[in-house]
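Here, each number is a calculation from the coordinates, and none is a lab measurement. All values derive from a computational prediction rather than experimental measurement. Reconstructed Cβ throughout: ideal geometry from the backbone, glycine too, with neighbour counts over all protein chains shown.
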Amino acid sequence: MSEFILVVEDEPILQETLVYNLKKQGYEVKAVGDGRAALEAARARTPDLVLLDIMLPGLDGFEVCKILRKEMTVPIIMLTARDDEIDRVVGLEVGADDYLTKPFSMRELLARVKAQLRRTELVRQELRKVQPAETAHKVLTFGNLAIDLTRREVTLDGVIVPLKPQEYELLVFFAEHKGQMLSREFILERVWGWDYIGDSRTVDVHVRWLRQKLEADPANPQRIVTVRGGGYRFEG
């Protein structure tokens, strides 16, 4: 079955161009032109990926992204005509997986779509794996923090911590490199993949989310510390 992509773009010519090129690649596509219609369409049928313009009539793309992220796990690529850094940061903070500034080449957009869908499928394959009952759980323990690699489950003081797939992968990567200084670029390559087209701001945002969930005082982190001029180091 072809992947289903929801295109949310209010500019008719660009919407038509996106739909044409995505269908040409074999994707099933539905296009809408405003934020409320986007929510209705996504709720009616969960898409495999959302291309989401920021400047929309009614609800803007930031608000739509925030709502979708609460209701479903789906990769979201945000599109905008502005190149302000604050837009990229806000987009990532509300849950976008990637970000493209108009005008962009269709080849680049299709490459990012393919990369996001491939990454999502790999996560799904991992989640579908059934471990034999006799297989012992492999658990990484750091004080009151436990990472169950068999169940893909993280607990803090015995309480399950809900993590998004990418947050979990980042935490495991940190845990496997405890005590090592890891640059943002190295993390991006190993956790998001060498074909990920994005900047290191993605790492910063996900680290902040992990700190909010795992640190006693996120403003003064003790587990995931910042190495000035270098990157991050996991202390356990």
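If you plug the beta carbon distance of Phe104 and Arg190 into 1/(1 + (r/R0)^6) with R0 = 30 Å, you get a FRET efficiency near 0.70.
Taking other C-beta atoms within 10 angstrom as a stand-in for reagent exposure, Thr73, Thr155 fall in the order Thr73, Thr155, fewest first.
In the chain, the longest principal axis of the Cα atoms and the axis of helix 165-176 are about 30 degrees apart. Measuring spread by the Cα atoms of the chain yields a radius of gyration and Dmax of 18.9, 57 Å.
What share of the DSSP beta bridges in the chain is antiparallel, in percent to the nearest 5? So the antiparallel bridges in the chain amount to around 50 percent.
As a rough footprinting exposure proxy, the listed residues Asp204, Asp217, Asp98 were ranked by other beta carbons within 10 Å of their own, and the order from fewest upward is Asp217, Asp204, Asp98. Database remark: amide H of Tyr99 closer than 5 angstrom to the amide H of Met78 (H placed geometrically; neighbours at sequence offset of 5 or more, or on other chains; Pro and chain starts carry no H). Of Met55, Met78, the sequence from fewest to most neighbouring Cβ atoms within 10 angstrom is Met55, Met78. The H on the amide N of Leu56, modeled in the peptide plane, is under 5 Å from the matching H of Gly61, each at least 5 residues off or on a different chain. Dipole of segment 4-128 computed with +1 at Lys/Arg Cβ and -1 at Asp/Glu Cβ about the Cα centre; of Thr120, Gln15, Phe62, farthest Cα towards the positive end is Thr120.
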